[in-house]
Each structure stands twice: as C-alpha cells, then as structure tokens.
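Just below is one structure, and these are the notes that go with it.
The values are calculated or read from the model by the stated rules, or taken from the named source; none is laboratory data. Fair warning: this is a prediction, and the values are worked out from it, not measured in the lab. Cβ sites come from the backbone with ideal geometry, for glycine too, and all protein chains shown count toward neighbours.
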Ligand SMILES: NC(=O)c1ccc[n+]([C@@H]2O[C@H](COP(=O)([O-])OP(=O)(O)OC[C@H]3O[C@@H](n4cnc5c(N)ncnc54)[C@H](OP(=O)(O)O)[C@@H]3O)[C@@H](O)[C@H]2O)c1
C-alpha cells in the first residue's frame with residue numbers, strides 16, 4: 001500500500017494533490033491547521049485510509065510532536081512507499097527589507113524551510129530501519145531562482161528549500177539509497193496565496209499590477225491541472241532525485 005503525507009492539503013495545490021491521489025487509491029495523511037471536509041468525504045467514499053492532523057508548521061515543537069506520531073502510525077503499517085509532499089507555504093511578509101517585522105519573517109522561514117527540513121529528516125531516519133521507499137516532493141517556486149522585490153523572505157526560503165533538496169539527494173545517492181527527493185515549481189496558480197499577493201500594496205510589492213493582470217486575463221494555472229501533471233509524472237516513476245522540476249516541463 002502507498003501512503004501520501006501532504007502538508008497544506010486544506011486548500012490550493014495541496015487539496016488538488018490529495019484529491020488526485022485518492023482517485024489513484026493512495027492513502028492520504030493531511031497536515032494543516034484546518035481540515036478539508038471534501039477530502040475526508042472523498043476518501044471515505046473510496047474506502048481509503050485517510051487521516052487529518054492539525055498542526056501549525058510555524059511551531060517547531062508541534063511539528064516534531066505531530067510528525068513523530070504520523071511517522072509512527074504509517075511506518076508500522078509497512079507501506080511499500082511513502083510520498084511526502086512538503087507543500088504548505090506562505091508568501092508573507094510582503095515588504096521591502098528595512099520595513100519587515102520580525103514575527104512574520106520567522107514564521108515564513110519556519111513554515112517554508114525549517115518544517116520541510118525537519119519532516120524530511122524524520123522520514124528518512126525512520127525509513128532506514130524499513131523496506132519502505134520514501135519519495136519527497138518539496139514544493140518550491142520560480143522565486144527561488146529569481147529575485148522579486150518585496151518578496152525577499154519568500155525568495156530566500158524557497159532558494160533554501162531547493163538547496164536542501166539538492167544536498168539531501170546527493171547524500172542519498174552517496175548512500176546508494178533508493179529514496180528520492182525532488183523540488184517542484186508549480187507556476188503561478190489561482191489559489192489563496194495569489195489573493196494575498198493581490199491584496200498587498202504597490203509600495204510593498206513593485207509588480208503588484210502584473211499579478212492583478214494575471215487574474216484579470218485568466219492567466220493563472222488551475223491547481224487541479226498542476227496537481228494532475230505532477231501526480232502523473234510521479235506515478236511514471238521517472239523522477240530524477242535532486243532535480244528541480246518546473247510545471248512547464250510536465251505539462252508538455
Ligand atoms: N499559488 C502560486 O501561485 C504559487 C506559485 C509558486 C509556488 N507556490 C507554492 O505552492 C505551495 C502551495 O501554495 P498554494 O498556492 O496552494 O497556497 P494556499 O492556497 O495559500 O494554501 C497554503 C496551504 O498551506 C497551509 N499552511 C499555511 N500556513 C500554515 C501553517 N502555519 N501550518 C500548517 N499549514 C499551513 C494552509 O493550510 P491551513 O491554512 O489550513 O493551515 C494551506 O493548506 C506553497 O509552497 C507555495 O509557496 C504557489
């Protein structure tokens with residue numbers, strides 16, 4: 001049996017990933033502050049294992065405690081494979097350096113970078129004692145490799161996530177392990193995160209008008225299209241550990 005652990009499955013891309021995986025008969029463990037009732041219902045209709053864990057990924061102790069419990073629960077079922085999606089993310093704080101408040105800066109790095117590092121570390125550690133294959137998908141952004149004024153913290157967190165992915169993959173290769181770890185850049189999607197971006201100000205975010213135009217001109221990708229392309233690619237088994245995949249490569 002395959003299990004997927006998805007952070008941020010309550011909405012946006014994470015929700016779309018969870019729904020597609022359930023269609024593929026893959027058991028889902030969802031982690032976010034709020035539960036998505038539609039996912040619960042869908043899994044129940046398909047007779048699939050599903051569990052939601054409420055967790056604030058900005059709180060390191062909560063992350064350790066909740067994920068120890070999740071890992072214990074899943075590994076004792078001896079799954080053939082665990083797909084770990086470090087998907088949850090926040091864009092805030094959106095502002096120029098010199099105007100940043102300390103709390104949202106720390107929260108961003110905790111959710112976007114520290115939580116994925118801690119969770120991946122825990123799962124790879126637990127997997128050492130088992131036959132279970134672990135595949136980690138870290139959801140990154142084009143902002144990891146392109147500086148966007150007003151997004152210095154978000155850009156930095158995603159750049160860090162890319163480097164963590166590449167380094168962990170190198171280590172696994174050195175160990176001749178079958179575990180894989182990739183980063184995936186989903187493109188500009190029509191989710192709550194884009195609403196947050198559009199609600200910022202021109203002073204804080206220089207490219208505000210461009211992002212408003214993406215929505216007005218219907219140029220934003222639908223999260224289910226992105227999730228479907230990602231899951232089809234993952235199920236093809238062709239993923240190259242350490243690579244940063246772009247949605248455009250998968251939609252071709
Ligand atoms: N949307 C885009 O255009 C875009 C572009 C490039 C990359 N991305 C990346 O894609 C991923 C998904 O983004 P999205 O657009 O789907 O965002 P979204 O719709 O805003 O959803 C964010 C998810 O993260 C969870 N989350 C946020 N803060 C959390 C916290 N403190 N603890 C636990 N969970 C938390 C939310 O769950 P709760 O609120 O229930 O906790 C929610 O499920 C992110 O990593 C993002 O950086 C998005």
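Odds and ends about this structure:
- Residue identified as more than 14 Å from the ligand (Cβ to nearest atom) and surrounded by 15 or more Cβ atoms within 10 Å (Cβ to Cβ) among 156, 141, 241, 236: 241
- Condition met for residue 161 (more than 21 Å from residue 5 (Cβ to Cβ), modelled with pLDDT of 95 or more and not in a loop (DSSP other than H, G, I, E, B)): no
- Pick from the stretch 23-41, criterion away from the ligand (no atom under 16 Å from the Cβ) and part of a helix (DSSP H, G or I), ranking: surrounded by the most Cβ atoms within 10 Å (Cβ to Cβ): 23
- Cβ-Cβ distances below 8 Å connect the following pairs, each with a first residue in the stretch 207-224 that is assigned to a strand (DSSP E or B), a second residue that is within 14 Å of the ligand (Cβ to nearest atom) and at pLDDT 95 or above, and a separation of six or more residues or different chains: 221/186; 221/187; 221/188; 221/189; 221/190; 221/247.
- Inter-residue pairs, beta-carbon under 9 Å, first closer than 13 Å to residue 187 by Cβ and in the stretch 225-252, second surrounded by fewer than 19 Cβ atoms within 10 Å (Cβ to Cβ) and modelled with pLDDT under 95, 6+ apart: 225/251; 226/251; 229/251; 245/239
- Of all residues in the stretch 169-202 being surrounded by 17 or more Cβ atoms within 10 Å (Cβ to Cβ) and assigned to a helix (DSSP H, G or I), the one that is nearest to the ligand (Cβ to nearest atom): 193
- Taken over the stretch 74-95, the residue count meeting the criterion of being over 16 Å from residue 120 (Cα atoms) and either in contact (Cβ under 8 Å) with a residue 12 or more places away in the chain or part of a helix (DSSP H, G or I) (or both) is 10.
- Tally of residues being outside any loop (DSSP other than H, G, I, E, B) and crowded, with 18+ Cβ neighbours inside 10 Å across the stretch 54-73: 5
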